[in-house]
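Colleague: This is the structure I have questions about; it appears just below.
The values are calculated or read from the model by the stated rules, or taken from the named source; none is laboratory data. Treat the numbers as computed from the prediction; the structure is a model and nothing was measured. FYI the Cβ positions are ideal-geometry reconstructions off the backbone, even for glycines, and counts take in every protein chain you see. Keep in mind that these areas ignore ligands, DNA and RNA; they rest on the heavy atoms of the full protein, side chains included. Shrake-Rupley method; radii C 1.70, N 1.55, O 1.52, S 1.80 Å.
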Amino acid sequence: MKKLILVALIFLSACSVRYTQRIPGIQPGYVDTQLGQDTYQVKIGEAWQKDWADLEKFAMYRASEITESRGKRYFIVLNSSTQVSTYYITTPSTTNTNATATVSGSTAYINSTSTTTPGVTAPISGGWYTLDFRILSDADLAKTPRVVDAQQVKRDYQMFIDGRR
């Protein structure tokens with residue numbers, strides 16, 4: 001049982017969200033969707049609770065990459081949200097039996113002891129961070145408050161992102 005828990009902990013610690021495109025069921029990461037002409041959604045997740053603080057950084061960095069790939073520098077955040085799901089994992093119960101047999105004449109005597117360890121159920125929470133944003137045209141720039149500079153975001157988060165690729 002202790003070995004099973006140790007293996008599960010090692011596996012879970014290796015499942016940190018990396019800054020990469022998501023491969024469903026294999027690799028957590030980001031998914032981009034174009035919602036309109038200049039409007040996009042970045043969804044990043046399948047993350048363990050320890051990674052939730054990093055999801056917003058990933059999403060802002062990805063929004064900056066998309067903005068620059070469209071030849072623009074500025075965008076505005078339209079909406080952001082977090083979705084959390086809790087899953088339960090149950091380990092099976094186990095029974096170990098130790099037995100000894102003694103033969104006396106033509107009679108065999110068997111002595112056995114069984115020990116049962118009950119199964120354990122533990123919750124695991126995973127989450128998604130969703131960022132909707134609009135790339136700004138030069139005409140929109142002057143009349144839009146709370147503008148995000150894609151170049152500045154990339155400079156601010158570059159070392160962080162490089163460490164999570």
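Colleague: Please go through the stretch 84-111 and give me each residue that is in contact with a Phe, Trp or Tyr (Cβ under 9 Å, 6 or more places away or on another chain), hydroxyl-bearing (Ser, Thr, Tyr) and without any contact (Cβ under 8 Å) to a residue 12 or more places away in the chain, ordered by number.
Modeller: Thr102
Colleague: Among the numbered criteria (1) open to solvent by less than 30 Å² (accessible area, probe 1.4 Å); (2) under 30 Å from Thr95 (Cα atoms), which single criterion is violated by Val153?
Modeller: With (1) open to solvent by less than 30 Å² (accessible area, probe 1.4 Å); (2) under 30 Å from Thr95 (Cα atoms) applied to Val153, the lone miss is (2).
Colleague: Let me ask something else. Which residues, counting only those in the stretch 55-108, are of a type in the set (Ser, Thr, Tyr) and closer than 17 Å to Val42 by Cα?
Modeller: Residues of the stretch 55-108 of a type in the set (Ser, Thr, Tyr): 61, 64, 67, 69, 74, 80-82, 85-88, 90-91, 93-95, 97, 100, 102, 104, 106-107.
Matches in the stretch 55-108: Tyr61, Ser64, Thr67, Ser69, Tyr74, Ser80, Ser81, Thr82.
Colleague: Applying the selection to the stretch 35-72, what residues are at pLDDT below 90, open to solvent by 60 Å² or more (accessible area, probe 1.4 Å) and out of contact with any helix residue (DSSP H, G or I) (no Cβ under 7 Å at 6 or more places or on another chain)?
Modeller: Glu46, Gln49, Lys50, Trp52, Ala53
Colleague: Then there is this: Inspect all residues belonging to the stretch 83-104 and state whether any of them is open to solvent by less than 70 Å² (accessible area, probe 1.4 Å), β-branched (Val, Ile, Thr), part of a strand (DSSP E or B) and within 20 Å of Asp38 (Cβ to Cβ).
Modeller: no
Colleague: Out of the stretch 105-114, which residues are of a type in the set (S, T, N, Q) and open to solvent by 80 Å² or more (accessible area, probe 1.4 Å)?
Modeller: Restricting attention to the stretch 105-114, the residues satisfying the condition of being of a type in the set (S, T, N, Q) are 106-107, 111-114.
Scanning the stretch 105-114 gives Ser106, Asn111, Thr113.
Colleague: I've got another one for you. Considering only the stretch 116-146, state which residues are open to solvent by 80 Å² or more (accessible area, probe 1.4 Å) and either more than 22 Å from Glu68 (Cβ to Cβ) or free of Cβ contacts under 8 Å to residues at least 12 places away in the same chain (or both). Full working, then the answer.
Modeller: Step one: filter the stretch 116-146 for residues open to solvent by 80 Å² or more (accessible area, probe 1.4 Å), giving 116, 118, 121, 123, 138, 142-143, 145-146.
Passing the criteria: Thr116, Pro118, Thr121, Pro123, Asp138, Ala142, Lys143, Pro145.
Colleague: Checking the condition in a strand (DSSP E or B) and of a type in the set (D, E, K, R), which residue from Asp132, Asp156 passes?
Modeller: Working: Asp156 fails: in a strand (DSSP E or B).
It is Asp132.
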